[in-house]
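The values are calculated or read from the model by the stated rules, or taken from the named source; none is laboratory data. Treat the numbers as computed from the prediction; the structure is a model and nothing was measured. When we count neighbours, we look across all protein chains shown, and the Cβ atoms used for this are built from the backbone with ideal geometry, even at glycine. Protein only, heavy atoms only, side chains kept; ligands, DNA and RNA dropped before computing areas. Shrake-Rupley method; radii C 1.70, N 1.55, O 1.52, S 1.80 Å.
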Amino acid sequence: MSKEEILEDLHKGVVEMDEEKVKTAAQKALDEGVEPMDAIMDGLVSGISEVGDLYDKGEKFVPEVLMASEALYAGLDILKPHIDADDLGVEGKVVIGVAEGDVHDIGKNLVRLMLDVSGMEVVDLGKDVPNEDFAAKAKEVDADIIAISAMMTSTMLGIKDVVKDANKTVPNVKILAGGAPLNEKSAIEEFGADGYATDATKAAKRALKLMKE
């Protein structure tokens with residue numbers, strides 16, 4: 001099989017929620033000498049990005065996204081041990097969660113997945129997280145970044161509280177915000193976050209950039 005075919009199988013396996021297909025393709029990637037990082041980024045991650053897009057368009061639903069994520073993790077388990085530590089780029093610790101009062105965690109889960117894949121250590125606080133818990137947890141685990149998502153206009157105001165808290169207790173921690181009602185201006189200028197991202201792939205890239213700063 002060519003590299004392109006293997007990447008295509010990984011991508012399709014994730015989109016089709018086919019764990020066995022992903023495992024077979026991941027093993028094939030190792031056997032055929034495909035760089036594990038390429039297999040992850042151009043196969044698995046591109047697959048889950050497509051799933052995220054389909055979810056946004058209302059063509060896939062939460063259970064399907066979860067099954068696609070499981071397929072991705074099945075491939076990740078095979079590929080990750082073979083990655084060169086240098087390829088992972090950065091080491092860092094991210095505390096991630098969904099703002100208080102908000103239970104929409106699908107975007108947050110995709111971001112966590114992308115950060116995982118990028119080699120960062122992720123502490124996931126889950127959904128409907130009391131706003132004061134973000135900074136407290138960041139302090140406890142000595143995190144580099146707090147990533148917070150809000151999917152409702154009523155809950156996005158909580159980001160301001162998280163930023164205020166963090167500035168007091170963990171002033172060196174960078175804050176990355178995302179979610180449907182936000183835009184770059186509101187996240188950074190109004191709420192004081194250090195970074196903003198429109199989707200999971202961009203969020204992971206933004207987090208890597210904040211880490212390097």
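If you plug each phi of segment 20-31 into the Karplus form 6.51 cos²θ - 1.76 cosθ + 1.60 with θ = phi - 60°, what whole-Hz ³J(HN,Hα) values come out, in order, with x for Gly and Pro?
Coupling constants for segment 20-31: 5, 4, 5, 4, 4, 5, 5, 5, 4, 4, 5, 5 Hz.
Pick out, from 109, 120, 151, the residue whose Cα sits farthest towards the positive end of the charge dipole of segment 104-160, with +1 on the Cβ of Lys and Arg and -1 on the Cβ of Asp and Glu.
So the residue furthest toward the plus end is 151.
Here is the link list: 28/205; 80/209; 137/174; 28/80; 137/168; 160/209. Which ones come out longer than 18 Å on Cα distance? Write down the numbers at each step before the final one.
Numbers: 28/205 28 Å; 80/209 22 Å; 137/174 14 Å; 28/80 14 Å; 137/168 14 Å; 160/209 22 Å.
Correct reply: 28/205; 80/209; 160/209.
Treat the chain as a sphere of radius equal to its Kirkwood radius over Cα pairs and apply Stokes-Einstein at 4 °C in a medium of 1.567 mPa s; give the translational diffusion coefficient in µm²/s, rounded to a whole number. Write out the running numbers ahead of the final one.
Numbers: Rh = 17.4 Å.
Calculated translational D: 74 µm²/s.
Bin by bin, in steps of 5 Å, what percent of the Cα pairs in segment 1-122 do you find, going until the bin that has the longest distance?
Calculated P(r), rounded to whole percents: 2, 12, 22, 22, 19, 13, 7, 2, 1, 0.
Could you go through segment 188-201 in sequence order and give the Karplus-derived ³J(HN,Hα) for each residue, using 6.51 cos²θ - 1.76 cosθ + 1.60 with θ = phi - 60°, rounded to whole Hz, and x for Gly and Pro?
Karplus values, whole Hz, x for Gly and Pro: 8, 7, 7, 9, x, 5, 8, x, 9, 9, 7, 8, 4, 5.
Using a 1.4 angstrom probe on heavy atoms only, work out the carbon and sulfur share of the accessible area of the chain in %.
On the way: 4950 of 10250 Å².
Percent of accessible area from carbon and sulfur atoms in the chain: 48.
When the chain is treated as a GNM, springs tying every alpha-carbon pair under 10 Å, which of 146, 159, 78 comes out with the largest mean-square fluctuation?
Per the Cα network of the chain with a 10 Å cutoff, 78 tops the list.
For segment 110-213, taking Cα atoms only, what is the radius of gyration to one decimal and the Dmax to the nearest whole Å?
Rg, Dmax (Cα atoms, Å): 12.3, 33.
Taking θ = phi - 60°, what integer Hz values does the Karplus form 6.51 cos²θ - 1.76 cosθ + 1.60 yield along segment 65-71, in sequence order, with x for Gly and Pro?
With the stated coefficients, segment 65-71 comes to 5, 5, 5, 5, 5, 4, 4 Hz.
Rounded to the nearest 20 debye, what is the charge dipole size of the chain about its Cα centre when +1 sits on each Lys and Arg Cβ and -1 on each Asp and Glu Cβ? Please report the intermediate quantities before stating the final value.
On the way: 24 positive and 44 negative charges, 157 e Å.
Once rounded to the nearest 20, the dipole reads 760 debye.
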